[in-house]
Amino acid sequence: MLSIIMLRLQRLKVEYYVFLVMTLMSLIFTFIFGATQNQDYTPTILVVDEDNSDYSKKVFSELQDNNAFKYSISEYDDAVKKVQDDKAAAALVINKGLQENIENNQKPVLGIIKTKENIDTMTLENIISSITSKMVGNIRIASITADFINQEKNIDHNKIFNEAYNKAVETWKYKKPIEISSTRLVEGNGTGYDNLTHSIIGFALFFSMYTIVFAIGEILNEKKYNTWNRILVSPISKNAILGGNLIVSFLVGFVQVGILFIAGKYLFGLNLGSNLLGVIIVLIAFVFTITSMGLFLSGLVKTHSQLAALTPVILTSTSMLGGCMWPLDIVENKIILALSNITPQKWAIEGIESIAMYGKGINGVIIPTLVLLGMGLLFFSTGVKLVKSE
Amino acid sequence: MALLEVNNLKKYFKEVKAVDGISFKVERGEVFGLLGPNGAGKSTTISMISTLFKPNEGDIKYKNVSIIDNPSAIQQKLGVVPQEIALYPTLSGYENLKFWGHAYGLRGKELSNRIEEVSEIIGIKDRLKDKIEKYSGGMKRRINIGAALLHNPEILIMDEPTVGIDPQSRNHILDTVLELNKKGMTIIYTSHYMEEVEYLCTRVSIMDKGNIIASGTQEELLEIVKGKKKINLRFDKISDNLIDRINSIDYIENVDVHDDEIILTTQNGEDIFKDLIAKSSETENSILSIDIKKPNLEAVFLHLTGRALRD
């Protein structure tokens, strides 16, 4: 096994630039994604008011109370052009007849101009639906109140209506029907969820997986160079070949994750919490699992090119499922959440974040570590069988 | 007791009988040749002797100990030169030799000394620091051989070691083989180049389609075609009609066509020119050259299989 380890280190010394480029690229991408995740970006929504009525003005006024977007009034043609040019996330068209529809107890119709369906347009639809429902409700309340008072006393109907409407709006503003009070149940003294910390951890794990899988995939290059068979007829056993390759791939992966985390600390202010040992334990388990996964993938394919084609598909999809790109807390789909449990990334992130964000101790990493080791052993035993059977 | 003994060895790949029950012995200190065309089963046989494949049937004994269940009995004693270049292209010649020496248990000063000695034997000392990917084909072949010599093996197996190289490197390799053999190394040499086997080997087994069709010393093998002549004919063009007519000459034993050449064996040489000229003029083919050769191992193969060795 020593011969194989020395050989791999020798080759690493000669081909060091591959490791260097991979690490550098990981750092750059982690920086790009981490920086964009941390920006206070607010998309712009253009509002085309074709009705130009009191009610359309009320809609615009209600929209401006919502901080999710920046709103500005625009002409229809200008709005279409800006949405097409990606200068605005979408445009809201208040069609002519809004006031008439509301007054006649008909459903008001609002249009949205968008080039694609995304999280912004979906959020906008929800906001509009909520605002219009609330507004129509307020108008009905004000109208009924004004009608009632008007029947009793001969007072100006419009004045009563406006006062009643404003009171209804005020009530929604300051006396919310439900008050939510929350208490966080954490055992440690963490700072709580932080998007930048999550991005750095997620992307560091995501990019390091490529290095690890391609490092163990060197076994396939042994076959390409015909050295695999030559080693097999030497006194070095198959187990020693696999063992040597696994050890070096593990070390390479661990060093790279280490570099990315250290760079995260000094370049982006990543705070890994006070329990560094716990983080290291999770990282060791994670790198072991991904090394074994790389062995498994190397056993599935015949050549290094096939591995290069398969790896991005597997790693990107499992990283998306496992929460490397975004926190799993925002995912509501139960199938996706269930699937995330079979990805190593989910458990590694959960373990590291339990320390870095929520200040947990070693107890917080026991289950993630055990799950990772279980997955690693499964990949390892299957991978060894596949590689040996060739 | 033979150094290596192969008994009724069989290896099947699904339906293909790559090796179909062959037996032979290799004596200490000899250069034993396995001669046969591509696909005859030579490399599969070598792979089984070098413990890469397990046979479906049969046994291989090294010093009377079976290596099928106990491969480690022979691995340290064996040097294997594979048919393909099996080296790390991004490492230098020195780094490659260092790794292969280390793999066979050499360390420290002993390893450095052996790298020095072997690089001299293979004549590549000046280029040891260069990366393999910068070597010529012949130099790669030489270092491919060198990697198998570092641990000074008792048996050296060479599987078609001269494929695709220049004549100068080829001659160097052949002389190296003879030199190693003179120093006492037992060598198993496979090739489909008849002249290499004739030049190097004391005993030869001729393989075809997974079987050994003849075995013995070169003299014993040539006895098979004693009195026969091997004639190489070149025509301006070769037609099926011409081949049929040559085949119809009753004393011609084998006719084999290879590119623009017809190779035949015959017992009778007296009327051959007259008959061949007659047959060619019947078909309006012109003879460009007639080359009568002393019977050699290729003639033996042609006689036994009806095909030239190059097919």
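The values are calculated or read from the model by the stated rules, or taken from the named source; none is laboratory data. All figures in this text were calculated on a predicted structure; none of them were measured in a lab. Glycine gets a Cβ as well: all are built from the backbone with ideal geometry, and neighbour counts include every protein chain shown.
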Would you kindly identify the helices (runs of 4 or more DSSP H) lying entirely within segment B:210-289 that contain at least 2 residues that are touching an Asp or Glu at 6+ places or on another chain (Cβ under 6 Å) and more than 27 Å from B:Glu195 (Cα to Cα)? none
Check every one of the strands (runs of 3 or more DSSP E) wholly within segment A:1-103 and list those with 1 or more residues that are hydroxyl-bearing (Ser, Thr, Tyr). A:44-49, A:70-73
Please verify whether segment B:27-38 includes one or more residues that are in the same structural domain as B:Lys183 (by TED's automatic domain parsing), at pLDDT below 90 and out of contact with any strand residue (DSSP E or B) (no Cβ under 9 Å at 6 or more places or on another chain). yes
Give me the pairs: first residue in segment A:315-341 and in contact (Cβ under 8 Å) with a residue 24 or more places away in the chain, second residue in a loop (DSSP other than H, G, I, E, B), beta-carbon distance under 8 Å, and six or more apart or on different chains, which are they? A:Thr318/A:Thr343; A:Ser319/A:Met325; A:Ser319/A:Thr343; A:Leu321/A:Thr343; A:Gly322/A:Thr343; A:Gly323/A:Val331; A:Pro327/A:Tyr193; A:Asp329/A:Tyr193
Of the candidates A:Asn275, A:Asn245, the one satisfying the condition of being farther than 21 Å from A:Leu12 by Cβ, surrounded by 18 or more Cβ atoms within 10 Å (Cβ to Cβ) and not aromatic (Phe, Trp, Tyr) is A:Asn275
Against the condition polar (S, T, N, Q) and not in a helix (DSSP H, G or I), how does B:Asn38 come out, does it pass? yes
Of everything in segment B:146-171, what is closer than 23 Å to B:Lys109 by Cβ and in a helix (DSSP H, G or I)? Give them in sequence order. B:Gly146, B:Ala147, B:Ala148, B:Leu149
Pull up segment B:71-88, narrow it to residues that are at the interface with chain A (Cβ under 9 Å from one of its Cβ atoms) and free of Cβ contacts under 8 Å to residues at least 60 places away in the same chain, then point me to the one that is nearest to B:Gly146 (Cα to Cα). B:Ile85
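Results for (1) surrounded by fewer than 15 Cβ atoms within 10 Å (Cβ to Cβ); (2) closer than 24 Å to A:Asn245 by Cβ; (3) in the same structural domain as A:Leu377 (by TED's automatic domain parsing); (4) among the acidic types (Asp, Glu), shown as yes or no for each residue.
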residue	(1), (2), (3), (4)
A:Val301	no, yes, yes, no
A:Gln306	no, yes, yes, no
A:Ser317	yes, no, yes, no
A:Met320	no, no, yes, no
Kindly check whether there is at least one residue in segment B:125-136 that is buried (at least 20 other Cβ atoms within 10 Å of the Cβ), not hydrophobic (A, V, I, L, M, F, W, C) and not in a helix (DSSP H, G or I). yes
Only residues that are within 7 Å of chain B (Cβ to nearest Cβ) and under 37 Å from the mean Cα position of the chain (by Cα): list them for segment A:1-13, please. A:Arg11
Condition broken by A:Asn271, with the remaining ones in (1) at pLDDT 90 or above; (2) not in a helix (DSSP H, G or I) satisfied: (1)
Per the filter on segment A:322-355, residues farther than 23 Å from A:Ser381 by Cβ and of a type in the set (A, V, I, L, M) are A:Met325, A:Leu328, A:Ile330, A:Val331, A:Ile335, A:Ile336, A:Leu337, A:Ala338, A:Ile349, A:Ile352, A:Ile355
Please determine whether any residue of segment A:247-260 is of a type in the set (A, V, I, L, M, F, W, C) and within 14 Å of chain B (Cβ to nearest Cβ). yes
Regarding segment B:7-16, can at least one residue be identified that is modelled with pLDDT under 90 and under 26 Å from B:Glu298 (Cα atoms)? yes
Condition check: in contact (Cβ under 8 Å) with a residue 40 or more places away in the chain, farther than 18 Å from B:Lys183 by Cβ and within 13 Å of another protein chain (Cβ to nearest Cβ). Does B:Ile145 satisfy that? no
The lone condition A:Thr23 fails out of (1) without any contact (Cβ under 8 Å) to a residue 60 or more places away in the chain; (2) of a type in the set (Ser, Thr, Tyr); (3) more than 14 Å from chain B (Cβ to nearest Cβ) is (1)
Pairing a residue in segment B:44-70 that is away from chain A (no Cβ under 14 Å) with any residue that is polar (S, T, N, Q), where Cβ atoms lie under 6 Å and the two sit 6 or more apart in sequence or on different chains, gives B:Gly58/B:Asn7; B:Gly58/B:Asn8; B:Asp59/B:Asn7; B:Asp59/B:Ser66
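Table: residues versus (1) among the basic types (Lys, Arg); (2) free of Cβ contacts under 8 Å to residues at least 40 places away in the same chain; (3) farther than 21 Å from A:Ile5 by Cα.
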position: A:Ile216; (1), (2), (3): no, no, no
position: A:Leu220; (1), (2), (3): no, no, no
position: A:Ile241; (1), (2), (3): no, no, no
position: A:Asn245; (1), (2), (3): no, no, no
position: A:Val255; (1), (2), (3): no, yes, no
position: A:Phe268; (1), (2), (3): no, no, yes
position: A:Gly273; (1), (2), (3): no, no, yes
Could you check segment B:89-115 and list, in sequence order, the residues that are buried (at least 16 other Cβ atoms within 10 Å of the Cβ), more than 17 Å from B:Tyr135 (Cα to Cα) and within 13 Å of another protein chain (Cβ to nearest Cβ)? B:Lys98, B:Phe99, B:Trp100, B:Gly101, B:His102, B:Ala103, B:Tyr104, B:Leu106, B:Leu111
Going through segment B:57-73 one residue at a time, which ones are β-branched (Val, Ile, Thr) and under 21 Å from B:Val19 (Cα atoms)? B:Ile60, B:Ile67, B:Ile68
Among residues belonging to segment A:344-358 that are surrounded by 24 or more Cβ atoms within 10 Å (Cβ to Cβ) and of a type outside the set (Val, Ile, Thr), point out the one that is farthest from A:Pro368 (Cα to Cα). A:Ala356
If we scan segment A:59-77, do we find a residue that is touching a strand residue (DSSP E or B) at 6+ places or on another chain (Cβ under 9 Å), surrounded by 14 or more Cβ atoms within 10 Å (Cβ to Cβ), charged (D, E, K, R) and at pLDDT 80 or above? no
If the requirement is being charged (D, E, K, R) and free of Cβ contacts under 8 Å to residues at least 12 places away in the same chain, which of these qualifies: A:Lys82, A:Lys114, A:Lys70, A:Lys107? A:Lys107
Criterion first (of a type in the set (Gly, Ala, Ser), modelled with pLDDT of 90 or more and in a helix (DSSP H, G or I)) does A:Ser234 satisfy it? no
Please verify whether B:Arg114 is out of contact with any His (no Cβ under 9 Å at 6 or more places or on another chain), outside any strand (DSSP E or B) and either of a type in the set (Lys, Arg) or at pLDDT 95 or above (or both), treating the condition exactly as stated. no
Looking for whichever is surrounded by fewer than 22 Cβ atoms within 10 Å (Cβ to Cβ) and either among the hydrophobic types (A, V, I, L, M, F, W, C) or away from every other protein chain (no Cβ under 13 Å) (or both) here; the options are A:Lys224, A:Lys265, A:Lys238. Which one fits? A:Lys265
